[in-house]
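This report refers to the structure that appears directly beneath it.
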Amino acid sequence: VEFDPVFERYASFNPSPLSLEKFMEFGGSQNACERTSFEFLRKELPVRLANIMKEINLLPDNLLQMPSVAMVQSWYQLSFKEILTYENADPDDNEMLENFTERLVKIRNRHTNVVETMAQGVIELKDSHGIDSNTETRIQYFLDRFYMSRISIRMLINQHTLLFGSQLAQNNRHIGCIDPNCAVLDVVKDSYENAKFLCDQYYLNAPEVEIKTHNATVPDQKEDIRMVYVPSHLYHILFELFKNAMRAVVEYHPEDMELPKLNVGITKGDEDVTIKMSDQGGGIPRSKSDLLFHYMYSTAPQPMRSENGSAPLAGYGYGLPLSRLYARYFHGDLILSSVEGFGTDAFIYLKLFPSEANELLPVYNTTASRMYHTDTLISDWSSPGAGTNMSRS
Ligand code: W6P
């Protein structure tokens, strides 16, 4: 890659994480200021793009040479250049502002299939060169950061285009894609119903759900649980978890048996909203539980398809690792806890206070750079059957 001082300058800045509170201030109905948003984005978008492009450049050569990866890289280069053309634009020029918003929509469309294309690139590498464990560790590290960066950039673009774009089909309760009064129970029900529809279609059966809410902070506990959040992110996480739970339950129970219900608990505490989803789908052995979040594990040959060729319900695609990124994006988390032979509990943790729900962003620095150059540490605990102590490596 050629040396470009402008690119290097943007890559040297740290991204500026925004909290949900800041996003709300930015887009609040009174002071929503297109000019302010533009001035922030024309710097912040190139910074976030350049930071992650630095990491793309550090990927193993044979991965960078895969056609899909090269294509993704070229999209990033083009979008970076396009946003830079606004570097010296006059922020009071309304025509330019309109043009900027349209440009963002084009950029968003260009990057629509980044996840699938990158996954294809990893498959291309596996088929052509194979992937050793050092390479796998680095790709896992990279994809978590790359997809998180992408989630954050799309969040910024979505907010700007929803607040200032031409499609006025705005839900006036929302601020861009943020719902200041997100009813968690409604999102749970909605995602359950849609997963159930797919499950019924695929297996001709689906488990029921029992949902309980507990508001630990309100004495009469009648108030429903509401919070500031991006409903589409929560929906994405829940839909993925429901599909996995349903698949496990249906496949674990013989056809004539009644399916054990899924149980969902929604609890509002002082700091967190926690959603617990329990299934009795037989669980997974401890040795397999880490693998659920591995991108490599998911690029294995596709799981079974139904008679009519429709996509499988849950194929351990990129669904779980991406869902965990969505949860972590505003400093929440997603944890799976399984009892082999019984079932699995999934916990979604979300920050209740919008001021604490800050974006979690990858930063390109020497620590990050080292991850791409250093081999995985050799374990200083025994590995089974290592045999003699004759040799060390
Ligand atoms: C399983 C495996 C899994 C992954 C994610 C969520 C629920 C479940 N249940 O057996």
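Among helices (runs of 4 or more DSSP H) entirely within segment 210-302, having at least 2 residues that are more than 19 Å from the chain's Cα centre (by Cα) and surrounded by fewer than 16 Cβ atoms within 10 Å (Cβ to Cβ) singles out 286-289. Being of a type in the set (A, V, I, L, M, F, W, C), away from the ligand (no atom under 13 Å from the Cβ), surrounded by 21 or more Cβ atoms within 10 Å (Cβ to Cβ) and in a strand (DSSP E or B): is that true of residue 334 here? Spelling it out, it is not the case that residue 334 is of a type in the set (A, V, I, L, M, F, W, C), away from the ligand (no atom under 13 Å from the Cβ), surrounded by 21 or more Cβ atoms within 10 Å (Cβ to Cβ) and in a strand (DSSP E or B). If you go through segment 341-372 and keep only what is open to solvent by less than 50 Å² (accessible area, probe 1.4 Å) and of a type in the set (Asp, Glu), you end up with 345, 359.
Taking the criterion of being within 16 Å of the ligand (Cβ to nearest atom) and assigned to a strand (DSSP E or B), the residues of segment 337-388 that qualify are 337, 338, 339, 343, 344, 345, 346, 347, 348, 349.
Would you say residue 321 is more than 16 Å from the ligand (Cβ to nearest atom) and not polar (S, T, N, Q)? Answer is no for this residue. Name the residues in segment 65-117 that are in contact with a Gly (Cβ under 9 Å, 6 or more places away or on another chain) and of a type in the set (A, V, I, L, M, F, W, C), would you? Residues satisfying the conditions are 66, 69, 70, 71, 72, 104, 105. A single member of 38, 3, 26, 7 is in a helix (DSSP H, G or I) and at pLDDT below 95, and it is 26.
Given the conditions (1) touching a strand residue (DSSP E or B) at 6+ places or on another chain (Cβ under 7 Å); (2) closer than 25 Å to residue 28 by Cβ, which single one is not true for residue 177? Only one criterion in (1) touching a strand residue (DSSP E or B) at 6+ places or on another chain (Cβ under 7 Å); (2) closer than 25 Å to residue 28 by Cβ is unmet by residue 177, namely (1). Candidates 44, 39, 102, 34: the one that is farther than 26 Å from residue 375 by Cα, charged (D, E, K, R) and open to solvent by less than 40 Å² (accessible area, probe 1.4 Å) is 44.
The values are calculated or read from the model by the stated rules, or taken from the named source; none is laboratory data. Note that this is a predicted model, so its numbers are computed, not measured. So basically every Cβ, Gly included, is an ideal-geometry build from the backbone, and we count neighbours across all protein chains shown. Areas reflect the complete protein model, heavy atoms only, side chains present, ligands, DNA and RNA absent. Shrake-Rupley method; radii C 1.70, N 1.55, O 1.52, S 1.80 Å.
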